[in-house]
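Below is one structure, written out as structure tokens; comments come after it.
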Amino acid sequence: MADPSSYRPSPGQIPDSPGVYKFRDEHRRVIYVGKAKNLRQRVANYFQDLAGLHPRTRSMVTTAASVEWTVVSTEVEALQLEYTWIKEFDPRFNVKYRDDKSYPYLAVTLNEEFPRVQVMRGAKKKGVRYFGPYGHAWAIRETVDLMLRVFPVRTCSAGVFKNAARTGRPCLLGYIDKCSAPCVGRVTPEEHRELAEDFCDFMAGRTGTYIRRLEKDMTQAAEEMEYERAARLRDDAGALKRAMEKSAVVLADATDADLIAVAEDELEAALQIFHVRGGRVRGQRGWVTDKVEAVDTAGLVEHALQQLYGEERGDAVPKEVLVPALPEDTEAVSQWLAERRGSQVSLRIPQRGDKKDLMATVQRNAQQALGLHKTKRASDLTTRSRALEEIAEALGLDTAPLRIECYDISHLQGDDVVASMVVFEDGLARKSEYRRFQIKGFEGQDDVRSMHEVIGRRFKRYLQEKERTGEWEQAPSVTDPAAPAATGLAGPAATGPVPAPALPAASPADEIDPREDDGRPKRFAYPPQLVVVDGGQPQVAAAQRALDELGIDDIAVCGLAKRLEEVWLPDDDDPVVLPRSSEGLYLLQRVRDEAHRFAITYQRAKRAKRIRSSPLDDVAGLGETRKQALIKHFGSVKKLRQATIEEICEVPGIGRRTAESVAAALASAAPAAPAVNTATGEIMEEDDGGTS
């Protein structure tokens, strides 16, 4: 635990201007980002008597080792910079909302020649019109199915569209009049785009115009005794009305607004957002967050506004935002929203009428979401905690292994040997920490030697990071019996000379990043409490030997053998057998299987890249365009190898010197073994492309 007074800046150092400040820990990781109208006053608040601080603030300042700040000219700039840094550094003590990517949108791809209506998730793309978000994808599909009667816009994928255009036959929707079939030329691109824009107008809330037009056309058709057409128009109008009924009218004045409600307790908070467009609820979403910083309702609302609108522009930011509590600096937040929208945005608390009643509905949804989340998480946390405790008990660990790293070796008959490292923290996969390795110390198949190399490289990098931050200093010599052992990282027992470990030379990928520390999480900077290897006694012994050679004795090692799911420990002749129903065994299996999946995915990618390689890749100055021109001209590398230099020179863009280089490269490269179709056993002739 750090003493905040050890890094407290003197009052004269801190400016009294608006700005953003960052707290960093002893590893230079950014752990908290905040903004202030007056940096001097705000930062000084963190260095008062610890007893007077909120427990979460006290935890943050005692974890931190330094504080720094950046001055900006306005409070709006401070708000934007705070949002940018929180996204960039992912500080552990800042509020972060979860589940914001899981909601589907109805999207219209206006950036394509023939716009397509589809369900989309994730980051928004330029040139695509979005409606929603919706609670479920099936709700979008039901709405679209009703509207395609009136607006028969394309909904098929690019592959289906191209196939229909090639064959001259539309898909089923084209035959039942739920698609205008632009793929076969039933409508022009301009007519189809007009349909897509009408679809967007209707979804945006301009519904009355289309329904009145349909009813007028229906009456006219009936008067002209075109009863079939009148019936079709009647059904179309009914379909649009049913689509409208799916989003009930909640505000009679056709308001465009977002309503945000918060339900919270001491530890967590749930937010619910209703998106109202044209007086109707067009979408809903919910977020949950841990209250890792001392934050009130107003602060939660401000963080929500940043996350909701930080990447949005134009109409995606509504004219009105209704909240349960106003942010501390309402004027700056309102100005920031207005800049993103391009016009004035009203940020306020509803006081009476329909908007206050709707806010109460949103609040009830937030309360229900918080209760449901707590029910699920309690069960989940209990299971994970039990699993970690069972592992600690079975392996004889002093504490539960909150960070587990698992390693697996993958290859194909000794070729393309690779390794994977996956990380689980608190029983959950942390994919941003996953790493991949190429085996470089030797050629061929040797899983034990490969495991020794990978563990050595990984923890050699860890010690380099520790040395760089000054947390650990290399002992003068491991052959010196009097050399003191580093705390928590004791070297081999000092009973005599110990040979230096023969670790592989550091490759460029293993070297320390020469750039200055910027607060982002560093590769290999955190040690695990438990290393799991995929394998039995030999692999475990190799991993333990690598740690011993580096002088690391505070990290536990075990192996999980696939055959009987036995857990092996170093220097033990008999495995530890966990019950088949054990949560601890289930967690170890998940970790091992994830490492295997990650390793084999990398190994297959490397193999595919190698198979696609060509002798032409080694010809200096021969780019991809001219390689493709050669293959296209001759048909295959095999036929190109048989060509003369004069014949190669006939290819446009290929001069005599290049032709001589190509001929020499192909002559020196031995033809590859014939490819075999594994499904049929057929030997495939080399007549179709760029491998040899």
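The values are calculated or read from the model by the stated rules, or taken from the named source; none is laboratory data. Source: prediction; values computed, not measured. Glycine gets a Cβ as well: all are built from the backbone with ideal geometry, and neighbour counts include every protein chain shown. Each accessible area value is taken on the protein alone, full model and side chains, heavy atoms only, with ligands, DNA and RNA left out. Shrake-Rupley method; radii C 1.70, N 1.55, O 1.52, S 1.80 Å.
Hey, among the residues in segment 393-451 that are on the phi > 0 side of the Ramachandran plot and assigned to a loop (DSSP other than H, G, I, E, B), which one's modelled with the highest pLDDT?
Kept after step one, since they are on the phi > 0 side of the Ramachandran plot, are these residues of segment 393-451: 396, 413-414, 416, 426-427, 444.
Right, trim to assigned to a loop (DSSP other than H, G, I, E, B) and you get 396, 413-414, 426-427, 444.
On the way: 396: 89, 413: 67, 414: 65, 426: 82, 427: 84, 444: 70.
Across segment 393-451, the extreme among qualifying residues is 396.
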Inset, instruction - For segment 65-77, indicate whether the set of residues that are open to solvent by 50 Å² or more (accessible area, probe 1.4 Å) and part of a helix (DSSP H, G or I) is non-empty. - result: yes
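Of these, 445, 464, which one is in contact (Cβ under 8 Å) with a residue 40 or more places away in the chain, of a type in the set (S, T, N, Q) and more than 16 Å from residue 553 (Cα to Cα)? First the steps, then the outcome.
Details: 445 fails: in contact (Cβ under 8 Å) with a residue 40 or more places away in the chain.
So the residue among 445, 464 that is in contact (Cβ under 8 Å) with a residue 40 or more places away in the chain, of a type in the set (S, T, N, Q) and more than 16 Å from residue 553 (Cα to Cα) is 464.
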Legend entry - First in segment 594-608 and more than 11 Å from residue 408 (Cβ to Cβ), second anywhere and open to solvent by 60 Å² or more (accessible area, probe 1.4 Å) and among the polar types (S, T, N, Q), Cβ under 9 Å, 6 or more apart: 606/438
Inset, instruction - From (1) open to solvent by less than 60 Å² (accessible area, probe 1.4 Å); (2) over 24 Å from residue 546 (Cβ atoms), pick out the condition that doesn't hold for residue 368. - result: (1)
Legend entry - Residue that is crowded, with 17+ Cβ neighbours inside 10 Å, modelled with pLDDT of 85 or more and in contact with a His (Cβ under 9 Å, 6 or more places away or on another chain), where the choices are 304, 332, 270: 270
Legend entry - Any hit, segment 55-62, residues being among the hydrophobic types (A, V, I, L, M, F, W, C), surrounded by 15 or more Cβ atoms within 10 Å (Cβ to Cβ) and closer than 18 Å to residue 81 by Cβ: no
Legend entry - Cross-chain or 6+ apart pairs with Cβ under 6 Å, segment 104-118 first and within 15 Å of residue 202 (Cα to Cα) and touching a residue at least 12 places away in the same chain (Cβ under 8 Å), then of a type in the set (Val, Ile, Thr) and in a loop (DSSP other than H, G, I, E, B): 107/128; 117/153; 117/155
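Among the residues of segment 101-134 satisfying the criterion of being assigned to a loop (DSSP other than H, G, I, E, B) and of a type in the set (D, E, K, R), which is most open to solvent (accessible area, probe 1.4 Å)? Walk me through how you get there before you give the answer.
Within segment 101-134, the first condition is being assigned to a loop (DSSP other than H, G, I, E, B), and the residues that meet it are 101-104, 109-115, 121-128, 132-134.
Next, from what is left, pick out any that are of a type in the set (D, E, K, R): 101, 112-113, 121, 124-126.
Details: 101: 123, 112: 68, 113: 120, 121: 135, 124: 88, 125: 127, 126: 190 Å².
Going through the qualifying residues, I end up with 126.
Within segment 286-297, work out how many residues are of a type in the set (A, V, I, L, M) and open to solvent by less than 20 Å² (accessible area, probe 1.4 Å).
Within segment 286-297, the first condition is being of a type in the set (A, V, I, L, M), and the residues that meet it are 288, 292, 294-295.
Pick out the ones that are also open to solvent by less than 20 Å² (accessible area, probe 1.4 Å) and you get 288.
So the count comes out to 1.
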Inset, instruction - Could you grab me the full set of residues in segment 533-546 that are surrounded by fewer than 20 Cβ atoms within 10 Å (Cβ to Cβ) and either part of a loop (DSSP other than H, G, I, E, B) or within 33 Å of the chain's Cα centre (by Cα) (or both)? - result: 536
Legend entry - Checklist (1) charged (D, E, K, R); (2) at pLDDT below 85; (3) touching a strand residue (DSSP E or B) at 6+ places or on another chain (Cβ under 9 Å) applied to residue 56, failing item: (3)
Legend entry - Tally of residues being at pLDDT 85 or above and either part of a loop (DSSP other than H, G, I, E, B) or loosely packed, with under 14 Cβ neighbours inside 10 Å (or both) across segment 307-327: 8
Inset, instruction - Could you list all residues from segment 148-172 that are open to solvent by 50 Å² or more (accessible area, probe 1.4 Å), closer than 23 Å to residue 200 by Cβ and either assigned to a helix (DSSP H, G or I) or at pLDDT 90 or above (or both)? - result: 158, 160
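Does at least one position in segment 403-421 carry a residue that is under 30 Å from residue 349 (Cα atoms) and open to solvent by 60 Å² or more (accessible area, probe 1.4 Å)? First the steps, then the outcome.
From segment 403-421, those under 30 Å from residue 349 (Cα atoms) are none; that's our starting set.
Among the residues of segment 403-421, not one is under 30 Å from residue 349 (Cα atoms) and open to solvent by 60 Å² or more (accessible area, probe 1.4 Å), which makes the answer no.
Here are 364, 386: which of them is touching a helix residue (DSSP H, G or I) at 6+ places or on another chain (Cβ under 6 Å) and part of a helix (DSSP H, G or I)? Show your work before the answer.
Values: 364 fails: touching a helix residue (DSSP H, G or I) at 6+ places or on another chain (Cβ under 6 Å).
Only one candidate qualifies: 386.
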Legend entry - Residue tally, condition open to solvent by 20 Å² or more (accessible area, probe 1.4 Å) and more than 20 Å from residue 90 (Cα to Cα), over segment 422-456: 14
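So for segment 408-424 (the condition being closer than 30 Å to residue 574 by Cβ and free of Cβ contacts under 8 Å to residues at least 24 places away in the same chain), does at least one residue qualify?
no
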Inset, instruction - Could you list all residues from segment 173-193 that are surrounded by 11 or more Cβ atoms within 10 Å (Cβ to Cβ), without any contact (Cβ under 8 Å) to a residue 24 or more places away in the chain and of a type in the set (Asp, Glu)? - result: 191
Inset, instruction - Could you check residue 91 against (1) open to solvent by less than 20 Å² (accessible area, probe 1.4 Å); (2) part of a loop (DSSP other than H, G, I, E, B); (3) in contact with an Asp or Glu (Cβ under 8 Å, 6 or more places away or on another chain) and say which number it fails? - result: (3)
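When you go through 83, 21, 32, 46 one by one, which is the residue that is surrounded by 20 or more Cβ atoms within 10 Å (Cβ to Cβ) and either acidic (Asp, Glu) or without any contact (Cβ under 8 Å) to a residue 60 or more places away in the chain (or both)? Before the answer, list the steps.
Working: 83 fails: either acidic (Asp, Glu) or without any contact (Cβ under 8 Å) to a residue 60 or more places away in the chain (or both); 32 fails: either acidic (Asp, Glu) or without any contact (Cβ under 8 Å) to a residue 60 or more places away in the chain (or both); 46 fails: surrounded by 20 or more Cβ atoms within 10 Å (Cβ to Cβ).
Checking each option against the conditions leaves just 21.
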Legend entry - Positions within segment 203-260 being farther than 23 Å from residue 128 by Cα, at pLDDT 75 or above and touching an Asp or Glu at 6+ places or on another chain (Cβ under 7 Å), in sequence order: 214, 233, 237, 255
Inset, instruction - Would you be able to say whether some residue in segment 15-29 is assigned to a loop (DSSP other than H, G, I, E, B), more than 33 Å from the chain's Cα centre (by Cα) and within 12 Å of residue 68 (Cα to Cα)? - result: yes
Legend entry - Residues of segment 555-589 satisfying the condition of being at pLDDT 80 or above, within 32 Å of the chain's Cα centre (by Cα) and open to solvent by 60 Å² or more (accessible area, probe 1.4 Å): 586
Legend entry - Single match in 222, 196 (criterion: open to solvent by 30 Å² or more (accessible area, probe 1.4 Å), outside any loop (DSSP other than H, G, I, E, B) and among the small types (Gly, Ala, Ser)): 222
